[in-house]
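Structure first, then comments.
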Amino acid sequence: IGTRYMGEYIADNAKAEAMKVPFLRDLLMSDSIHIGSNISFNNLTPVSTYLGKPGNPAKGGLPIDEYTRRQSQFRAAEISALLDTGYFIERAERLYQYPHF
């Protein structure tokens, strides 16, 4: 879910924050640096950080409209990931000869 369907949202959010810092903005604008997330089964921090929590932005929260928008993105990502299950079953059988996914 995180890498396939949420990755661009997560990276774009990090880039938007970096663009607020002139030093980082110059490097991003000249393609001198790259920002991406390192999502894994053991590290879901980029996903949870992006999804955030509703509350006062001054205290690290998100306005409710933004929080709801991000939750909707995650819901769509979860649905898309579930729809991919058939593909991954077939792939597991074809590539790895796994009889059970």
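Laboratory data are not the source of any read-out in this text; all were calculated from the coordinates shown. These numbers were taken from a predicted model, which means no experiment stands behind them. We place every Cβ from the backbone using ideal geometry, glycine too, and count neighbours over all the protein chains shown.
From the helices alone, meaning DSSP H stretches of at least four residues, give me the mean residue ellipticity at 222 nm for the chain, per-run term -39500 (n - 2.57), in deg cm²/dmol to the nearest 500. Walk me through the intermediate numbers first.
Values: 5 runs with 59 residues, N = 101.
The per-residue figure over the chain is -18000 deg cm²/dmol.
Give the calculated FRET efficiency between A92 and Q71 to the nearest 0.05, with a Förster radius of 41 Å applied to their Cβ-Cβ distance. Intermediate results must be reported in sequence, preceding the final value.
Numbers: r = 30 Å, r/R0 = 0.74.
Using R0 = 41 Å, I get an efficiency of 0.85.
At 0.36 nm per residue, minus the direct Cα-Cα distance, what do I79 and R4 gain on full extension? Give it in nm, one decimal, please.
The span from I79 to R4 would gain 25.8 nm if fully extended.
With the contact rule set at Cα under 8 Å and sequence spacing of 6 or more, what percent relative contact order holds for the range 33-101?
15
Output the 0 to 90 degree angle, nearest 10, between the alpha-carbon long axis of helix 64-83 and the longest principal axis computed from the alpha carbons of the chain.
The angle comes out near 20 degrees.
From the backbone phi of the range 4-19, what are the Karplus-calculated ³J(HN,Hα) couplings (6.51 cos²θ - 1.76 cosθ + 1.60, θ = phi - 60°) in whole Hz, Gly and Pro given as x?
Couplings: 7, 10, 10, x, 5, 4, 5, 5, 5, 5, 5, 5, 4, 5, 5, 5 Hz.
Helix 85-96 versus the longest principal axis of the chain: what is the Cα-based angle in degrees, 0 to 90, to the nearest 10?
That works out to roughly 60 degrees.
Where in the range 1-59 are there trypsin sites (Lys or Arg not before Pro) that are in a DSSP coil and have at most 14 other Cβ atoms within 10 angstrom of their Cβ?
K20
Name the residue, out of G61, G52, G36, whose mean-square fluctuation peaks in a Gaussian network model built on the chain with Cα pairs under 10 Å.
Most flexible of the set in this elastic network: G61.
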